[in-house]
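Heads up, the thing below is written out as structure tokens.
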Amino acid sequence: MRWRRVTLCAASVAGVLLPAAYPAPAAAATHVVTLENLKYTPVPPLKVGDVVVFVNNDLFRHTVTASNNSFNLDLMPGARGALRINSAGQATFYCKYHPGMRGTMVAK
Ligand SMILES: [Cu+2]
């Protein structure tokens, strides 16, 4: 699975985010994953071209770090970061600060 970090538009509304610099193909979807209570909400099944937006709603700083280090989002409380899925595959990720926080993404 390959990734590209996406720059988010600060004016985006209500968690529906359209990255200004990288317009998505019409079929691509944006999925919001929340970091809350020291957990990631589940990542839904993904397709290549989709964008996953991670929103840190927790009181703690968290990261979304690939187990193979292919990506890393470092998110202060209230911050968000996004990845565009560039190829099919599976990735597991964790938080550098709270190793019990773990998640998985699968893209087809
Ligand atoms: Cu954490």
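Every condition in (1) under 12 Å from Arg2 (Cα atoms); (2) open to solvent by 10 Å² or more (accessible area, probe 1.4 Å); (3) within 16 Å of the ligand (Cβ to nearest atom) holds for Ala66 except the one numbered (2). Screening Arg61 against (1) within 12 Å of the ligand (Cβ to nearest atom); (2) open to solvent by less than 60 Å² (accessible area, probe 1.4 Å) leaves a single unmet condition, (2). Within segment 93-105, the residues that satisfy the criterion of being open to solvent by 60 Å² or more (accessible area, probe 1.4 Å) and either more than 9 Å from the ligand (Cβ to nearest atom) or not in a loop (DSSP other than H, G, I, E, B) (or both) are Arg102, Thr104.
On the stretch given as segment 61-85, residues that are among the polar types (S, T, N, Q) and assigned to a loop (DSSP other than H, G, I, E, B) total 4.
The values are calculated or read from the model by the stated rules, or taken from the named source; none is laboratory data. These figures come from a predicted structure and were not determined experimentally. Because the Cβ atoms are built from the backbone with ideal geometry, glycine has one as well, and the counts that use them run over all protein chains shown. The accessibility values were calculated without ligands, DNA or RNA, using every heavy atom of the protein model including side chains. Shrake-Rupley method; radii C 1.70, N 1.55, O 1.52, S 1.80 Å.
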